[in-house]
Amino acid sequence: MSSKTIQAGVLTLILASTPAFGGEGGGGGSRDSGASSGGGGQRSGLSSRATKSVVTTLTRGFDRCGTLPKVYKYDCYRHTYKLAVQQLGGNHAYAEATKALVLVQDTLTQAVNSNLDPAQKPKRKGLNLYRAVKPAAVPQIKRQTERAMQQAETILLRSPADKQVHYARIAEAVNSNKVLLRSAMLPGAAIRLAWRLLKAAVPA
């Protein structure tokens, strides 16, 4: 199979998984509820199911948040990490992962609560309402969130060796969130970034 064929196939998958901008796509609230119940059954021990549930919540949640105006994104990000933390609640095998995700959640909670914009009404996305932050505070909140995500990745990647298979997947999801946060992507920018990453990964 040629590299061009591989590139075309991977791009098709990227485009198929990209959420529709300006619409609800699959519906924000229903996915949050489903993801939460999927992880809730895993109360002890590492498992592929629990890890996948958290990774899915982080990646799909961040994608959905990306369709909101930037002043609402950060409360949506906070909600996404809150859901991921809830999925790991009570499972001591994921103690370090919980600590890492709580770090991001707490950073976003404090940043949003400290910079709420009373002039903007909450905005609904799916079944959830998200609060706006002051536009002038967005750059600072973005930097704080990036730092928290970097610290979370470090915690995950320094976890015990017997947890690395699972924790590395969660760290990859956090890193993916960080890339999206830095890019502040519109749909066209997302596709261009996907092509750059694909070309770097697949030799011509």
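The values are calculated or read from the model by the stated rules, or taken from the named source; none is laboratory data. None of the values given here were measured: they were computed from a predicted structure. No Cβ is skipped: glycine too gets one built from the backbone with ideal geometry, and neighbour counts run over all protein chains shown. Ligands, DNA and RNA are excluded from the accessible area calculation, which covers all protein heavy atoms including side chains. Shrake-Rupley method; radii C 1.70, N 1.55, O 1.52, S 1.80 Å.
A quick yes/no check of all residues on (1) modelled with pLDDT under 95; (2) of a type in the set (Lys, Arg); (3) touching a strand residue (DSSP E or B) at 6+ places or on another chain (Cβ under 9 Å); (4) surrounded by fewer than 15 Cβ atoms within 10 Å (Cβ to Cβ):
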site: GLN7; (1), (2), (3), (4): yes, no, no, no
site: THR18; (1), (2), (3), (4): yes, no, no, no
site: SER33; (1), (2), (3), (4): yes, no, no, yes
site: SER37; (1), (2), (3), (4): yes, no, no, yes
site: VAL55; (1), (2), (3), (4): no, no, no, no
site: VAL104; (1), (2), (3), (4): no, no, no, no
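So, in region 117-144, exactly how many residues are assigned to a helix (DSSP H, G or I), open to solvent by 30 Å² or more (accessible area, probe 1.4 Å) and small (Gly, Ala, Ser)?
Summing the residues that are assigned to a helix (DSSP H, G or I), open to solvent by 30 Å² or more (accessible area, probe 1.4 Å) and small (Gly, Ala, Ser) in region 117-144 gives 1.
Across region 65-102, which residue is farthest from LYS52 (Cα to Cα) among those that are out of contact with any strand residue (DSSP E or B) (no Cβ under 7 Å at 6 or more places or on another chain) and among the charged types (D, E, K, R)?
LYS70
Every residue in region 138-164 that is of a type in the set (Gly, Ala, Ser) and more than 20 Å from THR107 (Cα to Cα), please.
Within region 138-164, SER159, ALA161 meet the criteria.
May I ask you to list the residues in region 148-183 that are surrounded by fewer than 14 Cβ atoms within 10 Å (Cβ to Cβ), of a type in the set (Lys, Arg) and touching a Ser or Thr at 6+ places or on another chain (Cβ under 9 Å)?
The answer is none; no residue qualifies.
Evaluate the following for ALA93: is it in contact (Cβ under 8 Å) with a residue 12 or more places away in the chain and either surrounded by fewer than 22 Cβ atoms within 10 Å (Cβ to Cβ) or out of contact with any His (no Cβ under 9 Å at 6 or more places or on another chain) (or both)?
yes
When you check TYR72 against the structure, is it free of Cβ contacts under 8 Å to residues at least 60 places away in the same chain and in contact with a helix residue (DSSP H, G or I) (Cβ under 9 Å, 6 or more places away or on another chain), yes or no?
It is false that TYR72 is free of Cβ contacts under 8 Å to residues at least 60 places away in the same chain and in contact with a helix residue (DSSP H, G or I) (Cβ under 9 Å, 6 or more places away or on another chain).
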